[in-house]
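As structure tokens, the structure follows; a few thoughts come after it.
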Amino acid sequence: MRALLGQLARFGVVGLIGLVVDIGVFNLLRATILAPENVHEGPVIAKIISTSLAILANWLGNRHWTFRAERRSQVMREAVEFILVSVGGMAIALGCLWVSHYLLGYTSLLADNISSNGVGLVLGTAFRFAFYRQWVFHPRRNGVELRPAESSVSPASAAPLRRVQAVTTVEDRPLGHQ
């Protein structure tokens, strides 16, 4: 559990860096060259660009810090899988933005930020963490399963009975006293 919490904390720090990149680039583009007054699909295009840059930052951070013990030697395969999962997370944020901006008519900069960087971020982050952990950076993907130390020892009552022929008893007396 401690390892999971540490990994989750590192994932959060990397995610915050990606979030700064995503929000900063999105707002810069959304307020300038990709403003809806200039380009009808501007908010969606701005979100695609900003999230793509954040994905790159997140892959580097997660590969070299969050999941460094689980990363694979097949960098290209890992990168493609990371990008696929990240695009899934981006699709969630884009869906939230599209529904808010185009379907519901909330077209302000604040509304676009709440829908894509608020609601979309929470849903997309949960999706990405689950898939990064269970697919992209899963320890068994390297051919070696890493287990926490406490899971490698089973209680005696959980030991399989087959192939056990005899068990000798051990007496509880100090060594040297026979």
Self-check item: Cα-centred dipole magnitude for segment 2-152, charges only on beta-carbon of K, R (+1) and D, E (-1), debye, nearest 20
Solution: 660
Exercise. Rounded to the nearest 0.05, what FRET efficiency do LEU84 and LEU8 give with R0 = 25 Å and r taken as the Cβ-Cβ distance? Could you check?
Key: 0.70
Quiz item: How many nm separate the modelled label positions at ALA69 and ASN38, each set 7 Å beyond the Cα in the direction of the Cβ?
Solution: 4.7
Quiz item: Which distance in nm do the two modelled labels at ALA31 and MET76 give, with both placed 7 Å along the Cα-to-Cβ direction?
Solution: 4.1
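Every read-out reported here was derived from the displayed coordinates using simple, explicitly stated rules and does not represent laboratory data. Since the model is a prediction, treat every value here as computed from it, not as a measurement. As a convention, Cβ positions derive from the backbone with ideal geometry for all residues, glycine included, and neighbour counts pool all protein chains shown.
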